[in-house]
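Structure record follows, encoded as structure tokens.
Please treat every number below as a calculation from the coordinates, not as lab data. Please read these numbers as outputs of a predicted model, since none were measured by experiment. Here the Cβ is made from the backbone with ideal geometry for all residues, glycine too, and neighbour counts use every protein chain on show.
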Amino acid sequence: MFIDIRIIFFVAAVSGVIAQSAPEAIDREAVVRRHCPALEQVDTLSPLSVGNGPFAFTCDITGLQTFDEAYRSTGIGMETQASWAWHSYPNPNGYTLSDAFEFYDTHGRSIGYPTKANTPAGQWLRENPHRFALARIGMDLRRVDGTAATLDDIRQIRQRLNLWTGVIESRFEFDGESVAVTTCCHPTLDLVAVRIESPLVGMGRLRVNLGFPYGYDFTVKHSPPLQWKQPDRHSTRMTRRGTNRADFERVMDETRYFSSISWIGKGTIDETEKHHYRFSAAKDAAMLEFICGFGQNPLPSTIPTFVETRTASVEAWANFWKSGGAIDFSACTDPRAIELERRVVLSQYLTRIQLVGETPPQESGLTVNTWFGKHHTEMIWWHTAHFALWGRAELLEKNLAWYRTQLPTAQELAKHRGLTGARWAKMVGFDGRESPGGNPFIIWNQPHPIVLAELVYRARPQRQTLELYKDLVFESAECMASFAWLDPKRGQYVLGPPLWLAQEIYDQATSQNPTFELSYWVYGLKTAQEWRGRLGMDPDPKWAEVIARISPLPTRDGLYVGQESHPDTFINAASRRDHPTMLSPIGLLPGDLADADTMRRTLDAVVKTWDWKAKIWGWDYPMIAMTAARLGQPQRAVDILLSDGPNNQYTAAGHCPQRKDLRVYLPANGATLAAVAMMAAGWDGAASHDAPGFPTDGKWMVKWEGLMRLP
């Protein structure tokens, strides 16, 4: 039978996916297994986690959360988090967002923005609601003399996360006795399953502690410690104590949730102090096996066993790795290729276990709390676009579902700002309410819902997709068009003031026409117009006018600068720090308003003069690499992506620490996945040869499948 190859490529082009014509499929299991994290000593920056997207459990070297304080003091603490777990402290003063307003002139209108973050009202509104840790589950390890073990007592460490199965195996010795721990998470339920095998269990020297904290100590800005010092401000009630199970009801102010622990064999659970319980196996037992689950409602009477949970985890993770895209660097001879493959595999795991809950993620996911656990909407592209590019658009849609529910809130914010459509707040909790501070002037978050919906459509080009997301797309675009102001003197539409561009170092009250945002405005509005056409609708005339008359990208001395109102990017050393997003119009974006030669000179200037030592972030490296790739400089793209920069180091667990108080930063992981997918699968208009973003010098023989092009 003859098949016209042109038809195959036409269909692939419509869907945005082109499968590599490799002689044989990638051995996905081999790729994944060669990067399973394995630890033989304590590494407080590399605790391992298990999770299912809306729920995650992070453990130390014991396979549980035994040494949280020791880890937290020098690295990453131990937490159990769920995307639904939100709490607010009491608000006796009845603070509302208007209590944190400062008023700014906005083209003749006085508009209130919640910028007073350091007032009592601003502080409360910023801290609440916040995510909270459900519990801490750790070992009660006792020496022969009955004193508690310390981290220094743990010897002969061997810990491994099997990425293919989602199971952590931890082995160590304590006081000359062996301990083996297996830890896993159920793929659809918010529960962790643990099996502990050791002679210490039967001796009564290894038991399990279950503690319920009261939120966090927010006097610590990032990664705050758990709050154990206010036991009278919350309640823990054991509602059931059976021979193999105990149930708990937790109440923290207006927050109420439930937890259950069940076990195999004889065991007892007792309260040791308020909110603290100790679970012990029977005397002479060789094993302690239990499940600990959590929910907004009481858990069902029957919950999975350890064996059932492990079996479900193995099956679910195998299905995950076998689905979507894959990439194999094993044939590459560049010595850095294996590290890039490691980052890709670990980033897929980390983003899968904590970025697909019922509320969009914070920048540290479900590992630890940063910025009170709130979602920064400008990060949603870096958090989730890669899911679609890697053939898993349904995971991206988990996040878009929340955006759809928050349309009314965004519409109200637009009205307050004197705009039409839906204006997306910058820093939000589950309820979508804006938070004081948090740069409420940021605007590069506004087109994100449009372009993410477009990625879903490219993955699933159906009328149903258009109908599902059209309101999200159109309302976001409507707000963008109303935000652009027609300057009668210049006859052009301008953006701001006030605004806070992506390079967060300039005065909000005077900033106008940032390069990245101008290009993103055009691309977002063009994409929304395409959606109207697909639905048989005429182009929106206002959107068309803004596209046609928007200000050009600002330049100085033949280079793109951060913004028109402060064109000092390359003449002032203090301006060459933070995100160099003047590169984004060609790279992350397809090039609206941009000139390729000017962008090449700008890329050269950034590489030569930017502050690469401390003033650049983990997602900047992939973002710059995308620009280099789209400009036809694949060697530079690889060099930048794998640059030995201070915020571009990936730990054994796959995390990319940014600073001492921000040691988990998932935008870097998501950005790496997006950049690699683009460099392998290409982009609209890319060179026809395979992997156009990688060098063609013979050192990068990249094998890939199931990835999607970037627009």
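Over the Cα atoms of the range 264-317, what Rg and Dmax result, in angstrom?
Using the Cα atoms of the range 264-317, the pair Rg, Dmax is 13.9, 39 Å.
Past 28 Å, Cα to Cα: identify those pairs from K116/K398; K116/K374; K615/K699; K415/K615, in the order given. Don't skip to the answer; put the middle values down first.
Values: K116/K398 33 Å; K116/K374 18 Å; K615/K699 31 Å; K415/K615 36 Å.
In this structure, K116/K398; K615/K699; K415/K615 exceed 28 Å between Cα atoms.
Is it possible to state the helix-based mean residue ellipticity at 222 nm for the chain, with each DSSP H run of 4+ residues giving -39500 (n - 2.57), the sum divided by total residues, to the nearest 500 deg cm²/dmol? What is it?
Details: 18 runs with 216 residues, N = 711.
Dividing the helical sum by the residues of the chain leaves -9500 deg cm²/dmol.
I need to check one value: relative contact order of the chain, counting alpha carbon pairs closer than 8 Å and at least 6 residues apart, in percent. Could you put the intermediate results ahead of the total?
Numbers: 1601 pairs, mean separation 104.5, N = 711.
Across the chain, relative contact order equals 15 percent.
How tilted is helix 666-681 with respect to the longest principal axis of the chain? Cα atoms for both, answer in degrees (0 to 90, nearest 10).
60
Does the range 596-652 come out rounded, prolate or oblate by the C-alpha gyration tensor, with a ≥ b ≥ c the root eigenvalues, rounded set by a/c under 1.5 and, if not, prolate when a/b is larger than b/c and oblate if not?
Verdict is oblate for the range 596-652.
Within the set K426/K542; K489/K542; K221/K426, which residue pairs have Cα atoms separated by over 23 Å? Write down the numbers at each step before the final one.
Details: K426/K542 25 Å; K489/K542 19 Å; K221/K426 18 Å.
Cα-Cα > 23 Å for K426/K542; rest within.
Only loop residues by DSSP count here, and only those with at most 14 other Cβ atoms within 10 Å; note down the trypsin sites (Lys or Arg not before Pro) in the range 64-148 that meet that. Before the final figure, lay out each step's value.
Values: sites: R72, R109, K116, R126, R131, R136, R142, R143; in loops: K116, R143.
Sites meeting the loop and neighbour criteria: R143.
Give me, ordered by chain and number, the residues 5 or more places off F67 or on other chains with an amide H under 5 Å from its own placed amide H.
Hits under the 5 Å cutoff: D60.
Find, among the GluC sites (Glu not before Pro) in the range 228-283, those assigned to loop by DSSP (not H, G, I, E, B) with at most 12 other beta-carbon atoms within 10 angstrom. Display every interim value, and only then the final one.
On the way: sites: E249, E254, E271, E273; in loops: E254.
Loop-located and lightly packed - E254.
Taking neighbour counts of Cβ atoms within 10 Å as a proxy for exposure, in what order, fewest first, do H689, H275, H416, H386 appear? Intermediate results must be reported in sequence, preceding the final value.
Numbers: H689 9, H275 19, H416 16, H386 32.
Ascending Cβ contact count within 10 Å gives the list H689, H416, H275, H386.
Under the rule a/c < 1.5 gives rounded, and otherwise a/b versus b/c splits prolate from oblate, where does the chain land using the Cα gyration tensor?
Numbers: a/c = 1.90, a/b = 1.44, b/c = 1.32.
Judged from the Cα gyration tensor, the chain comes out prolate (a/c at least 1.5, a/b above b/c).
Work out the FRET efficiency for K613 and E271 from their Cβ-Cβ distance, taking R0 = 35 Å, and round it to the nearest 0.05.
Values: r = 52 Å, r/R0 = 1.48.
Using R0 = 35 Å, I get an efficiency of 0.10.
Using alpha carbons only, how many degrees (0 to 90, rounded to 10) separate the axis of helix 463-483 from the longest principal axis of the chain?
Compared with the principal axis, the helix lies near 60 degrees.
With a ≥ b ≥ c taken as the square roots of the eigenvalues of the C-alpha gyration tensor of the range 424-557, please select rounded if a/c is under 1.5 and otherwise prolate if a/b is larger than b/c or oblate if it is not? If you can, show how the numbers build up before the last one.
Working: a/c = 2.14, a/b = 1.29, b/c = 1.66.
Since a/c reaches 1.5 but b/c is at least a/b, the shape of the range 424-557 is classed as oblate.
Where the centre of each part is set by its Cα atoms, how far does the range 436-472 sit from the range 167-233, in angstrom?
39
Working from Cα positions, state the angle (0 to 90°, nearest 10) between the long axis of helix 448-459 and the longest principal axis of the chain.
Its long axis makes an angle of about 80 degrees.
Between the range 52-66 and the range 268-318, what's the alpha-carbon centroid distance in Å?
When both Cα centres are located, 13 Å separates them.
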